[in-house]
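Chemist: Would you mind keeping the following structure in view while I ask a few things?
Bear in mind these aren't lab numbers, they're just calculated from the coordinates by the rules spelled out. Since we're looking at a predicted model, the values are computed, not measured. Neighbour counts run over all protein chains shown; Cβ positions are idealised from the backbone, glycine included.
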Amino acid sequence: MPKVLISDKMSPKAAEVFRNRGIEVDEKPGLSPEELKAIIGEYDGLAVRSATKPNEDILSAADNMKVIGRAGIGVDNIDMNAASARGIVVMNTPFGNSITTAEHAIALMFAVARQLPEADASTQAGKWEKSRFMGVEVTGKTLGLIGAGNIGSIVASRALGLRMKVIAYDPFLTEERAQELGIRKGTLDEVLAQADFITLHTPLTDQTRNILSRGNLEKTKKGVRIVNCARGGLIDEAALKDLLESGHVAGAALDVFAEEPAKENPLFGTPGFVATPHLGASTTEAQVNVAIQVAEQMSDYLLSGAVTNALNTPSVSAEDAPKLKPYMVLAEKLGLLAGQLIEEGLSKVTVEAEGALSELNLKPITSAVLAGLLRPMSDSVNMVNAPVLARDRGIDIAEVRHEREGDYHTLLRLTVETSKGARSIAGTLFGENNPRLVELFGIGMEAELSGQMLYVENADKPGFIGAVGSTLGKADINIGTFNLGRRGGGGEAIMLVSVDGEISEPLLWDICRLEGVQDVKALRF
Ligand SMILES: NC(=O)c1ccc[n+]([C@@H]2O[C@H](COP(=O)([O-])OP(=O)(O)OC[C@H]3O[C@@H](n4cnc5c(N)ncnc54)[C@H](O)[C@@H]3O)[C@@H](O)[C@H]2O)c1
Ligand SMILES: O=C(O)CC[C@@H](O)C(=O)O
């Protein structure tokens, strides 16, 4: 039975879902990094919010870990590279808290429009400072969005309901989508120059870091009010403080900070400044949504291999997962065969699906092919990091589907292009579940790829098979299966021999010295 650790404070619904799905679950919020590292090896899954920071050091002890689920959106607390390198799927819940966070942005917009926190503090202090707190209406004002994805779009719709005009800067926002949302698409400079209120809704990336830099803050309209419920690091906090103090910025509300938890911050105490402690997602509804969603997704993955909302591997539906499983085994074996046979300069990999396979999602198949193909070059390669490694190595990857059936009802063909030319191998499933090689470098050959195998390329001459058999016999190596293929009589022949013992280097040399041998390799599956 898989075992999952919930290491942050999360709605009890998450544990309930895991238990109902037959998964053992421990809830241990508030562990120190050392405590987490000491126990993480016991678990197949880790469910977190933002307090747990599974970094490379902690993950180095996560020997059984298969999936990390983030009950929320941002995964900046998770070391994605370390997780991917270990083959751990990282998934989030991209929509569960969007409405809640958008509502918090709107709440903060009103808080700065009407100075609600300061008015509250002053009134409760018995001051009754009616003339001190003159606010502004939002009706008819322009809201400038930086980022118009899930949360930005919801903020836009709420702002339109408040009779505001909305302009958005988002390089990935199309004109059609902007029209659909009823907003205008603008450049960053247009947003800065036109907005009475600015709200930020982007992830923190190299492009968005410091997007409201001192220079950009100075380009805003005098009297602008700014809200950030996205990520700390998007705004230059020191510059914001200066501009609040100079009166250029009339108000600013931050839910997120460059350093969190923000126990101290230069902005604290600045007039017109409102702060909340990363509360964007903190409503009962959102926390129940993300807890249920993350537990369902993690359970699906642990129990059936279905992948939803993963950030480092392709999605696989629960319906497709069992159908894909035997193909993934086939794909990895074909990749591993090709990876052990090619020697240098891999520049392109083409994955072709024929017949029944062409109806399935090819992305996970391609990942499995790449994982097998690259394994001889790197011990740490897996289905999660293989596509990234392939891209980093400049390997071009193509996927082709042929609906028509050929000789087999389903076929997976893998063509690798190297500095020596293109070579292809193909395999099928026997009886729906048994992966078989059916073609090797253009030569028809049927073989099960498993255990230790000897690969020999030779000139097709009488007596050769016997010579190989007796060389193996002399080395006390038992033969399991003998698989043969050839191109025409007397031409090039290939043999794949499964053996029980280890194929030593001296044995390979003995076979290499047999007359007619062109290539010999010891393969392992
Ligand atoms: N405060 C909280 O508690 C809280 C809660 C939920 C989400 N968040 C954060 O809010 C942010 C937005 O979440 P979302 O669900 O809307 O994400 P999303 O991925 O749906 O939207 C992000 C948008 O930012 C845009 N973008 C990317 N780079 C950009 C750039 N250089 N300039 C302008 N726009 C750019 C993208 O095109 C996308 O449309 C995330 O950082 C998320 O972590 C915070
Ligand atoms: O879990 C939280 O409270 C914050 C979540 C939020 O930052 C997110 O990115 O989803």
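Chemist: Which of the listed residues, Leu370, Val438, Tyr408, is farthest toward the dipole's positive end in region 313-449, when Lys, Arg count +1 and Asp, Glu count -1 at the beta-carbon?
Modeler: Leu370
Chemist: Could you line up Met453, Met1, Met328 from fewest to most neighbouring Cβ atoms inside 10 Å?
Modeler: If I rank by nearby Cβ atoms, fewest first, I get Met1, Met328, Met453.
Chemist: Ok, one more. When Lys and Arg each count +1 and Asp and Glu each count -1, what net charge do the other residues less than 14 Å away from Ile99, Cβ to Cβ, add up to?
Modeler: Net local charge, Ile99 excluded: -1.
Chemist: For region 1-97, what number results from the quotient of the Cα radius of gyration and 2.2 N^0.38 Å?
Modeler: So the Cα radius of gyration is 0.97 times the expected 2.2 N^0.38 Å.
Chemist: If one puts a single equal scatterer on every Cα of region 313-449 and applies the Debye formula without solvent, what log₁₀ I(q)/I(0) results at q = 0.17 Å⁻¹?
Modeler: The Debye formula, applied to the Cα set alone, gives -0.85.
Chemist: Quick check on the exposure proxy: order Lys165, Lys333 from fewest to most C-beta atoms within 10 angstrom.
Modeler: Ascending Cβ contact count within 10 Å gives the list Lys165, Lys333.
Chemist: For Lys165, give me every one of the lysines with a C-alpha distance below 20 angstrom, ignoring sequence neighbours fewer than eight places off in its own chain.
Modeler: Of all the lysines, those that pass the test against Lys165 - Cα under 20 Å, at least 8 places apart if same chain - are Lys141, Lys185, Lys219, Lys221, Lys222.
Chemist: Give me, ordered by chain and number, the residues 5 or more places off Met164 or on other chains with an amide H under 5 Å from its own placed amide H.
Modeler: Gly140
Chemist: Would you grab the residues whose amide H sits under 5 Å from the one on Arg524? Only those 5+ places off in sequence or on another chain, please, with H modelled 1.01 Å from N.
Modeler: Hits under the 5 Å cutoff: Met453.
Chemist: Right, here's the next one. Can you pull the three principal axis extents for the Cα set of region 112-229, in Å, largest first?
Modeler: Extents along the principal axes, in whole Å: 51, 31, 23.
Chemist: Which listed residue (Val288, Val90, Ser424) has the Cα farthest towards the positive end of the charge dipole for the chain, taking +1 on Lys and Arg C-beta and -1 on Asp and Glu C-beta about the Cα centre?
Modeler: Farthest towards the positive pole: Val288.
Chemist: How would Cys229, Cys512 line up from fewest to most surrounding beta-carbon atoms within 10 angstrom?
Modeler: Cys512, Cys229
Chemist: Is there a quick way to get the dipole size of region 11-142? I mean about its Cα centre, with the Cβ of Lys and Arg at +1 and of Asp and Glu at -1; what is the value in debye to the nearest 20?
Modeler: 580
Chemist: Output ³J(HN,Hα) for region 29-36: one whole-Hz value per residue in order, computed from phi by the Karplus curve 6.51 cos²θ - 1.76 cosθ + 1.60 with θ = phi - 60°, and x for Gly and Pro.
Modeler: Per residue, the Karplus-derived 3J(HN,Hα) values read x, x, 5, 6, x, 5, 5, 5 Hz.
Chemist: Would you kindly derive the ³J(HN,Hα) couplings of region 210-220 from the backbone phi angles with the Karplus curve 6.51 cos²θ - 1.76 cosθ + 1.60 (θ = phi - 60°), listing them in order in whole Hz, with x for Gly and Pro?
Modeler: 3J(HN,Hα) across region 210-220, in whole Hz: 6, 5, 9, 6, 4, x, 6, 4, 5, 7, 6.
Chemist: Search the structure for amide H atoms under 5 Å from the amide H of Thr481, placed 1.01 Å from N in the peptide plane, and list their residues when 5 or more places away or on another chain.
Modeler: Under 5 Å from the amide H of Thr481: Ser498.
Chemist: Okay, moving on. So, in region 313-449, how many Lys pairs have Cα atoms under 23 Å apart, if the pair is 8 or more places apart or on different chains?
Modeler: Counting lysine pairs in region 313-449 gives 9.
Chemist: If one computes P(r) from the Cα atoms of the chain, what percent of pairs lie at distances over 38 Å?
Modeler: 45
Chemist: Still on this structure, I have one more. Highest mean first, what order results for 180-193, 357-370 on Cβ atoms within 10 Å?
Modeler: The packing order, highest mean first, is 357-370, 180-193.
Chemist: Counting Lys and Arg as +1 and Asp and Glu as -1, each charge on the Cβ, what is the dipole of region 226-372 about the Cα centre in debye, to the nearest 20?
Modeler: 240
Chemist: Name the residue farthest towards the positive end of the dipole of the chain from the options Ser153, Ala111, Tyr327, assuming +1 on Cβ of Lys and Arg, -1 on Cβ of Asp and Glu, about the Cα centre.
Modeler: Ala111
Chemist: Hey, which lysines would be in cross-link range of Lys37, C-alpha to C-alpha under 28 Å, not counting anything within fewer than 8 residues on its own chain?
Modeler: Of all the lysines, those that pass the test against Lys37 - Cα under 28 Å, at least 8 places apart if same chain - are Lys3, Lys9, Lys13, Lys28, Lys53, Lys66, Lys263.
Chemist: Using a simple charge model, +1 on the beta-carbon of Lys and Arg, -1 on the beta-carbon of Asp and Glu, nothing else, what dipole does the chain show about its Cα centre, in debye to the nearest 20?
Modeler: Dipole of the chain, to the nearest 20 debye: 1480 debye.
Chemist: Per residue of region 130-145, in order, report the coupling 6.51 cos²θ - 1.76 cosθ + 1.60 (Karplus, θ = phi - 60°) as ³J(HN,Hα) in whole Hz, putting x for Gly and Pro.
Modeler: 4, 7, 6, 10, 7, x, 10, 7, 9, 3, x, 7, 9, 9, x, 9
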